[in-house]
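Report on the following structure.
The values are calculated or read from the model by the stated rules, or taken from the named source; none is laboratory data. Note that this is a predicted model, so its numbers are computed, not measured. Methodologically, a virtual Cβ is constructed for each residue, glycine included, from the backbone with ideal geometry; neighbour enumeration extends over all protein chains shown. Quick note on the areas: whole protein, heavy atoms, side chains included, nothing else; ligands and nucleic acids left out. Shrake-Rupley method; radii C 1.70, N 1.55, O 1.52, S 1.80 Å.
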Amino acid sequence: QVQLVESGGGLVQAGGSLRLSCAASGIIFRINVIRWYRQAPGNGRELVATITRDGKTNYADSVKGRFTISRDSAKQNTVYLQMNSLKPEDTAVYYCNAVSSMGSQYWGQGTQVTVSS
């Protein structure tokens, strides 16, 4: 089992920055991929960013150049999402997702990000 805890959300003005954290515990050596998703009211869950076990990253077009996903070099169980130049349309609940080598998926509880105009 893997447990994920997100933190770092909050209220920020447009143009500002936030850094989200996703701390994993449990059988983390089985994690192959960690992703950040977001869900705005009335919308489906949207994939925002991905980081693989070997450090490869991928981003949604809507956040490319503004968001950066990374893994803490000291604490391998923590993944960050640095969000810069935030826009009101980035407002959503952000979820951390982990996929194990067996294909099992795990979700965090989510953290609210609100960007005011």
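Some notes on this structure:
- Relative contact order (%) - criterion: Cα under 8 Å, at least six apart; region: the stretch 1-107: 34 percent
- Simple rule: put +1 on each Lys or Arg Cβ and -1 on each Asp or Glu Cβ in the chain, find the dipole, and look at 32, 115, 98; the Cα lying farthest toward the positive end is 32.
- Under 21 Å from the Cα of residue 87 - lysines, other chains or at least 8 residues apart: 64
- Within the shell defined by Cβ-Cβ distances under 15 Å, the residues around residue 17 carry a net charge of +2, with Lys and Arg each +1 and Asp and Glu each -1.
- As a fraction of the 1.4 Å probe accessible area of the stretch 58-117, surface on carbon and sulfur atoms comes out at 46 percent.
- Heavy-atom accessible area per residue - the chain, 1.4 Å, Å²: 52 Å²
- Volume per residue for the stretch 8-116 equals 99 cubic angstrom (convex hull of Cα atoms).
- If you run the Gaussian network model on the chain, springs between alpha carbon atoms under 10 Å, then out of 90, 72, 54 the most flexible one is 54.
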